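What follows is a single structure, written as structure tokens, with notes after it.
The values are calculated or read from the model by the stated rules, or taken from the named source; none is laboratory data. Note that this is a predicted model, so its numbers are computed, not measured. Neighbour counts are summed over all protein chains in view; Cβ atoms, including those assigned to glycine, are modelled from backbone coordinates with ideal geometry.
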Amino acid sequence: MALGPVLAIIDRGLDQSIERLFALLRIPSISTDPAYRGECRKAADWLARELATLGFAADVRATDGHPMVVAHGGPKDGGPHVLFYGHYDVQPPDPLELWQTPPFEPRLVGANGNRRIVARGVADDKGQLMTFVEACRAFITAEGKLPLPVTVLLEGEEETGSPSLPPFLDAHKEELAADVALVCDTDMWDASTPAIITMLRGLVLEEVIVEGANRDLHSGLFGGAAINPIRVLARILADIHDRDGRIAIPGFYDGAGELDPEIRAQWRALDFDERRFLGDLGLKAPAGEAGRSVLEQIWARPTCDANGIIGGYTGAGSKTVIPARASAKLSFRLVGQQDPAAVREGFRAFARARLPVDCKAEFLSHGASPALQLPLSSPYLAKAREALEDEWQRAPVLKGSGGSIPIVGAFKRDLGMDSLLVGFGLDDDRIHSPNEKYDLVSFHKGARSWARILAALAGRN
């Protein structure tokens with residue numbers, strides 16, 4: 001069946017789609033503030049009702065925190081079963097005085113090709129998730145049904161670390177089982193070039209505490225004779241990287257692998273100005289592994305960074321003290337098949353080997369997760385690439401993500417499925433900041449893109 005009528009409905013109904021999005025944006029579903037607990041429930045109820053009007057079997061599920069919305073629609077078979085994920089909670093709008101208009105009174109501003117919607121949560125993630133809802137609406141309006149089985153999962157705690165999500169997934173594994181997950185909480189390469197994130201770096205969070213004497217010491221009385229834990233900690237941290245930016249921890253790169261030649265060639269062809277990227281930060285030269293491009297360094301190579309150091313006196317003025325302890329917090333970004341447990345133990349052994357006789361170290365783990373990669377041979381990836389190119393008339397960029405998206409790891413770990421990460425946000429959308437916006441083109445063509453992707457996954461090319 002031709003896709004034209006579905007796309008035409010999206011085009012003709014754009015004003016009504018915006019009105020529905022505005023209704024959702026007016027709900028201040030701030031998950032981190034207990035004062036807005038009722039508003040989070042209101043947003044969940046609104047979404048469940050909206051999906052129910054489209055024929056989904058939709059309801060709101062209670063958790064220990066904010067509720068989940070779960071909806072099932074489409075045929076029982078025919079094409080792969082997809083699980084769509086989004087979140088309805090938003091960040092606090094503070095500082096309010098920096099907003100040009102009230103954060104929960106959405107506005108459409110600009111003119112011609114530069115129109116954009118301004119409101120808290122419009123790009124992260126309400127506008128994004130509504131592109132998928134509107135694509136489903138168009139199919140149901142045009143054809144009376146969805147082209148394939150669809151489950152929708154919308155949560156209300158993404159902005160607070162999703163504490164209720166792991167137990168919910170564990171308790172509803174059979175109900176939420178699908179062939180592939182669709183995640184919209186991502187962005188494009190630029191305003192006219194779509195993107196699919198195919199690589200997510202993993203994460204190991206460590207804290208090391210180096211202890212020396214049994215109390216803080218006067219540096220005049222004990223300096224030179226007593227070991228200083230700050231000096232020991234500084235040596236450990238300094239030894240982690242060699243002169244070429246490589247990490248010197250034995251075995252650290254085990255499983256890291258190398259970038260696929262197709263992806264490396266695509267990244268090299270991208271219009272990416274390394275000098276400008278760093279120059280905007282007041283920097284001049286890449287500090288990662290020598291011989292690696294900046295995109296490779298931030299998307300596809302493992303890293304170690306000290307995120308904070310504490311030791312001794314840090315107040316105003318001076319205090320001549322040799323501290324009894326010094327500590328540092330570190331984050332390791334992982335790629336490929338690197339084992340988080342092996343990386344953690346490798347670092348601990350590396351640190352212990354640098355402890356002098358009068359020092360000991362304590363280690364605290366603050367979490368770990370492996371890297372994830374969608375195989376380039378995935379049939380779902382191939383169909384999504386074709387669908388996005390049909391809509392945008394540009395081949396999508398297959399991006400890496402320097403950060404981590406925990407839900408994707410949970411889908412892989414708990415439900416055994418890969419994820420297609422396709423979103424339509426832009427770098428300048430100001431998510432988590434005042435005057436958050438979402439381009440109207442992103443919203444409109446995002447809905448059209450999801451319609452094309454659903455059709456492609458259903459085998460309708």
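Mind checking which residues of region 27-54 are charged (D, E, K, R), touching a residue at least 24 places away in the same chain (Cβ under 8 Å) and buried (at least 17 other Cβ atoms within 10 Å of the Cβ)?
If the condition is that a residue be charged (D, E, K, R), touching a residue at least 24 places away in the same chain (Cβ under 8 Å) and buried (at least 17 other Cβ atoms within 10 Å of the Cβ), then Arg41, Glu50 are the ones that fit.
Has region 386-395 got at least one residue that is under 17 Å from Phe132 (Cβ atoms) and part of a loop (DSSP other than H, G, I, E, B)?
No, the conditions are met nowhere in region 386-395.
Which of the residues spanning region 252-293 are touching a strand residue (DSSP E or B) at 6+ places or on another chain (Cβ under 7 Å) and among the aliphatic types (A, V, I, L, M)?
Passing the criteria: Ile263, Leu270.
Go through (1) within 21 Å of the chain's Cα centre (by Cα); (2) surrounded by fewer than 22 Cβ atoms within 10 Å (Cβ to Cβ); (3) closer than 30 Å to Arg12 by Cα and name the single condition Phe424 misses.
Every condition holds for Phe424 apart from (2).
Any idea how many residues of region 268-298 are part of a helix (DSSP H, G or I) and touching a Phe, Trp or Tyr at 6+ places or on another chain (Cβ under 8 Å)?
Result for region 268-298: 3.
Just give me the residues in region 110-148 being part of a helix (DSSP H, G or I), over 23 Å from Ile405 (Cα atoms), at pLDDT 95 or above and not basic (Lys, Arg), in sequence order.
Within region 110-148, Glu134, Ala135, Cys136, Ala138, Phe139, Ile140, Thr141, Ala142, Glu143 qualify.
Residue check, Glu97 against (1) more than 30 Å from Pro379 (Cβ to Cβ); (2) in contact with a strand residue (DSSP E or B) (Cβ under 7 Å, 6 or more places away or on another chain), all met but one. Which one?
Of (1) more than 30 Å from Pro379 (Cβ to Cβ); (2) in contact with a strand residue (DSSP E or B) (Cβ under 7 Å, 6 or more places away or on another chain), only one is false for Glu97: (2).
Name the residue that is farthest from Gly86 (Cα to Cα), counting only residues in region 363-409 that are aliphatic (A, V, I, L, M) and free of Cβ contacts under 8 Å to residues at least 24 places away in the same chain.
Here the answer is Ala395.
From the set of residues in region 193-240 that are within 30 Å of Tyr380 (Cβ to Cβ) and assigned to a loop (DSSP other than H, G, I, E, B), which is modelled with the lowest pLDDT?
Here the residue is Arg201.
List, please: which pairs have Cβ atoms under 6 Å, are six or more places apart or on different chains, and start with a residue in region 340-359 that is farther than 19 Å from Ser327 by Cβ and in the same structural domain as Gly224 (by TED's automatic domain parsing) and end with one that is surrounded by 15 or more Cβ atoms within 10 Å (Cβ to Cβ) and among the β-branched types (Val, Ile, Thr)?
Between residues of region 340-359 that are farther than 19 Å from Ser327 by Cβ and in the same structural domain as Gly224 (by TED's automatic domain parsing) and residues that are surrounded by 15 or more Cβ atoms within 10 Å (Cβ to Cβ) and among the β-branched types (Val, Ile, Thr), the close pairs are Pro340/Val204; Val343/Val204; Gly346/Ile249.
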